[in-house]
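The structure appears right after this line, and notes come after that.
No lab work stands behind these numbers, since they all come straight from the coordinates. For clarity, every value in this text was computed on a predicted model and none was experimentally measured. Methodologically, a virtual Cβ is constructed for each residue, glycine included, from the backbone with ideal geometry; neighbour enumeration extends over all protein chains shown.
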Amino acid sequence: ALIASMPMPVLGGGVIVMFGMVVAAGMNMLSEVKMNRRNMMIIAVSLAVGLGLNLEQSAVQYLPGVIKTMAVSGLLPTALIAIILNQILPEED
């Protein structure tokens, strides 16, 4: 009831601040990582897959309902690709 009574511009401002804080926290975590070719590749590929699936939702149109919903969200595919690439790409010296 409290949220429903708030004006939309106030909610929009709160959402902008919230997502801004999430982005800032992510950038802070990435600033502590040594940026070599391997890590840049992991970041680039995982973000490209996540954004690509979010923008082109027809790429997962034949997946079952719940899996399709998670795939087009962008978050799950990005995280999974980053984890997989982190495990399979060899460490640089």
Using the beta-carbon distance between LEU63 and MET35 and R0 = 30 Å, what value does 1/(1 + (r/R0)^6) give for FRET efficiency, to the nearest 0.05?
-> 0.35
About its Cα centre, how strong a charge dipole does the chain have in debye, to the nearest 20, once Lys and Arg get +1 and Asp and Glu get -1 at the Cβ?
-> 180 debye
Only helices counted: for the chain, with every DSSP H run of 4 or more residues adding -39500 (n - 2.57) and the sum spread over all residues, [θ] at 222 nm is -24500 deg cm²/dmol
Per residue of region 73-78, in order, report the coupling 6.51 cos²θ - 1.76 cosθ + 1.60 (Karplus, θ = phi - 60°) as ³J(HN,Hα) in whole Hz, putting x for Gly and Pro.
-> 5, x, 5, 5, x, 4
Farthest towards the positive end of the dipole of the chain, among ALA4, SER58, ALA24 and with Cβ unit charges of +1 on Lys and Arg and -1 on Asp and Glu, lies the Cα of ALA4
Applying the Karplus parametrisation 6.51 cos²θ - 1.76 cosθ + 1.60 with θ = phi - 60° to the phi angles of region 7-20, what ³J(HN,Hα) value in whole Hz is obtained for each residue in order, glycine and proline being reported as x?
-> x, 4, x, 5, 5, x, x, x, 5, 4, 5, 4, 5, x
At 7 Å along the Cα-to-beta-carbon direction for both ALA44 and ALA4, put a label point, then send me their distance in nm to one decimal.
-> 5.0 nm
Which residue fluctuates the most in the chain, going by a Gaussian network model with Cα springs under 10 Å, if the choices are LEU30, LEU80, LEU11?
-> LEU11
